[in-house]
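Below: one structure, written as structure tokens.
The values are calculated or read from the model by the stated rules, or taken from the named source; none is laboratory data. A quick note: this is a predicted structure, and the numbers were derived from the prediction, not measured. With ideal geometry, Cβ positions are generated from the backbone for all residues, glycine too; neighbour counts draw on all protein chains shown. Each accessible area value is taken on the protein alone, full model and side chains, heavy atoms only, with ligands, DNA and RNA left out. Shrake-Rupley method; radii C 1.70, N 1.55, O 1.52, S 1.80 Å.
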Amino acid sequence: MNGTSTPRVVIVGAGPAGIRAAATLVDAGLHPVVIDEGHRAGGQIYRRPPAGFARTPKQLYGSEAAKARALHTLFDRLAEKGRLTHCALSSVIAVHEGRLQVLGEGGVQVIGYDRLILATGASDRVAPVPGWQSAGVYSLGAAQIALKAQGVALGRRIVLIGSGPLLTLVGAQLLKAGADVAAVLDTSSWHQQMRGFWGLAARPVVALRGLVLRARLGRRYHAGVALDSIEADETGVTALRWRDARGRERLTPCDMIGMGWHLRAETQLADLAGCAFTYDEQWRQWLPKTDAMGRAGNGVYLAGDGARLLGADGAEIAGRLAAAACLSDLGRPAPSVSADLRKLARLERFARGLACAFPWPSAMVRALPDDAIVCRCENVTAGAVREGADFGGGEANRVKSLSRVGMGRCQGRYCQLAAVELVAAQTGCAPGAVGRFRGQAPVRPALIGAFLRGS
């Protein structure tokens, strides 16, 4: 405890999970502190544009506009009434012994907590394609942020590559905004997508909505493609070389490529907070261990895509559950959770269906040529990663130290999963046996001056 009668609960993240967790705690009489990197609450999925932006919520969020408005209104009302403390434009860069180091406009501040709810969300899961280090290559999330926050497309002629719901969603959103989308290329075949039907049937309306979005793309959408290389000159991207489902070679001119294979959980803070992890074979990534309510031990609770990749609806439920677990552990009355647990089980089934239908392209990654860049921050090639595996064995952090893969500004967010696949293939072991890169503070780049300005 912090020496007062009221425990200090800090929530990191103000997306759907963080907002619902905050509201649940407020209803129980607590005053949570909510730390978020955005200017206003909403998270990536319900990101809000600057003041005076002309596009309506319906245009921004489509069928999810009502949910977005409800969450925005709820959080703004609680903040305006002083029921919570909102630390906007702030990043938690370290966690240690009940204290957070928070990077904000005033430098780095230290905030203590008695209970910590991490609702850190997820980021794009990307796979290296030869040439992806060229100017004009972005993640799907980056393309969506530019569209939502600024109302702009990042290119004049756009190609989107990857797999998963975000691929077709961003494609449809860009088309609706008037952008020139030349092609939307899905590495998952129609046959593979049908294998996920058992899970997708858990949410038939959502699955149907995805088919409608795909229909809007028309002949731009291609399933079961193979990605060969991204062509570029001194100005940036010029074309994408790929093969269709029949193996025919194609060349599509473009000046922007958006890429992404579903999502990867943001787990760096959970790692620094001492959470245990387990490798999920279906999602092909390391995820924190929690109970059904989000308890991760040591007064830490996880909610949303940072723990389980269940989407916005699942994040709202998980936020309520984490807050309820926190209240119960504090000996305070907590809301009933039985209905939420049932809903979460259904969402888990749907998410597993997505993972099956739109898998991570492990075979494509393992077949990368030696000269292909894997780590864009440090310019590390696939050959260097394989050489590191030969010298260091099949352990992620040894390969990291030998090759510098994952040592750049992103700290492995974009290259770790690919590096693990390469090491596993080179040493003949499973990706789960390779391990994961150890979390390092600060988890976001921070200037030395920021520490000097802070307290």
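Against the numbered list (1) open to solvent by 70 Å² or more (accessible area, probe 1.4 Å); (2) out of contact with any helix residue (DSSP H, G or I) (no Cβ under 7 Å at 6 or more places or on another chain); (3) of a type outside the set (Gly, Ala, Ser), Thr252 comes up short only at (1). Failed condition for Leu89, given (1) in contact (Cβ under 8 Å) with a residue 60 or more places away in the chain; (2) of a type in the set (A, V, I, L, M); (3) open to solvent by 20 Å² or more (accessible area, probe 1.4 Å), with all others met? Only one criterion is unmet by Leu89, namely (1). Inspect the stretch 116-125 for any residue being open to solvent by 20 Å² or more (accessible area, probe 1.4 Å), modelled with pLDDT of 95 or more, polar (S, T, N, Q) and in contact with a helix residue (DSSP H, G or I) (Cβ under 9 Å, 6 or more places away or on another chain) and give the result as yes or no. So far as the stretch 116-125 goes, yes, one or more of its residues are open to solvent by 20 Å² or more (accessible area, probe 1.4 Å), modelled with pLDDT of 95 or more, polar (S, T, N, Q) and in contact with a helix residue (DSSP H, G or I) (Cβ under 9 Å, 6 or more places away or on another chain). For the stretch 400-455, a tally of residues being open to solvent by less than 60 Å² (accessible area, probe 1.4 Å), of a type in the set (Phe, Trp, Tyr) and out of contact with any helix residue (DSSP H, G or I) (no Cβ under 6 Å at 6 or more places or on another chain) returns 0. A search for C-beta distances below 6 Å between a residue of the stretch 285-314 that is under 15 Å from Pro16 (Cβ atoms) and open to solvent by less than 20 Å² (accessible area, probe 1.4 Å) and any residue that is in a loop (DSSP other than H, G, I, E, B) and polar (S, T, N, Q), counting only pairs 6+ apart in sequence or on different chains, returns Leu302/Thr290; Gly306/Thr120; Ala307/Thr290. Consider Ala363 carefully, then state whether it is in contact (Cβ under 8 Å) with a residue 24 or more places away in the chain and either under 30 Å from Arg195 (Cβ atoms) or within 20 Å of the chain's Cα centre (by Cα) (or both). Against the criterion (in contact (Cβ under 8 Å) with a residue 24 or more places away in the chain and either under 30 Å from Arg195 (Cβ atoms) or within 20 Å of the chain's Cα centre (by Cα) (or both)), Ala363 does not qualify.
Listed here are the residues, each with its yes/no results for (1) within 20 Å of the chain's Cα centre (by Cα); (2) more than 23 Å from Val443 (Cβ to Cβ); (3) among the charged types (D, E, K, R).
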site	(1), (2), (3)
Leu100	no, no, no
Val126	yes, no, no
Gly131	no, yes, no
Gln144	yes, no, no
Lys148	yes, yes, yes
Gly162	yes, yes, no
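Which residue is modelled with the lowest pLDDT, if the candidates are limited to the stretch 440-455 and must be part of a loop (DSSP other than H, G, I, E, B), touching a strand residue (DSSP E or B) at 6+ places or on another chain (Cβ under 7 Å) and not polar (S, T, N, Q)? My answer is Gly454. Taking residues in the stretch 114-126 that are acidic (Asp, Glu), and partners anywhere that are not in a loop (DSSP other than H, G, I, E, B), the pairs with Cβ atoms closer than 6 Å and at least 6 places apart or on different chains are Asp124/Ser139; Asp124/Leu140; Asp124/Gly141; Asp124/Gly260.
The residue that is nearest to the chain's Cα centre (by Cα), among those in the stretch 23-43 that are modelled with pLDDT under 95 and either among the basic types (Lys, Arg) or crowded, with 21+ Cβ neighbours inside 10 Å (or both), is Gly43. Of all residues in the stretch 372-392, those that are free of Cβ contacts under 8 Å to residues at least 60 places away in the same chain and within 17 Å of Glu421 (Cβ to Cβ) total 12.
Looking at Ala334, Ala384, can you tell me which residue is open to solvent by 20 Å² or more (accessible area, probe 1.4 Å) and either among the basic types (Lys, Arg) or within 30 Å of Ile230 (Cβ to Cβ) (or both)? Reasoning before the result, please.
Working: Ala334 fails: either among the basic types (Lys, Arg) or within 30 Å of Ile230 (Cβ to Cβ) (or both).
Just one listed residue meets the conditions, Ala384.
A count restricted to the stretch 224-249 and to residues that are open to solvent by 20 Å² or more (accessible area, probe 1.4 Å), touching a residue at least 60 places away in the same chain (Cβ under 8 Å) and under 28 Å from Gln285 (Cα atoms) stands at 3.
Residues that are in contact with a Pro (Cβ under 7 Å, 6 or more places away or on another chain), among the hydrophobic types (A, V, I, L, M, F, W, C) and not in a strand (DSSP E or B) were ranked within the stretch 62-116; the one that is farthest from Pro32 (Cα to Cα) is Ala65.
May I ask you to list the residues in the stretch 178-206 that are more than 25 Å from Arg55 (Cα to Cα) and either of a type in the set (Phe, Trp, Tyr) or free of Cβ contacts under 8 Å to residues at least 60 places away in the same chain (or both)? Selection gives Leu185, Ser189, Trp190, His191, Phe197, Trp198, Pro204, Val205.
With the condition kept exactly as written, say whether any residue in the stretch 411-419 is of a type in the set (Ser, Thr, Tyr) and within 19 Å of Ala384 (Cβ to Cβ). It would help to see each step written out before you state the result.
So in the stretch 411-419, the residues of a type in the set (Ser, Thr, Tyr) come out as 414.
Restricting the remaining residues to those that are within 19 Å of Ala384 (Cβ to Cβ) gives 414.
Checking the stretch 411-419: at least one residue is of a type in the set (Ser, Thr, Tyr) and within 19 Å of Ala384 (Cβ to Cβ).
Residue-level check: of (1) crowded, with 19+ Cβ neighbours inside 10 Å; (2) within 27 Å of Arg246 (Cα to Cα); (3) of a type outside the set (Asp, Glu); (4) modelled with pLDDT of 95 or more, Pro165 misses just (4).
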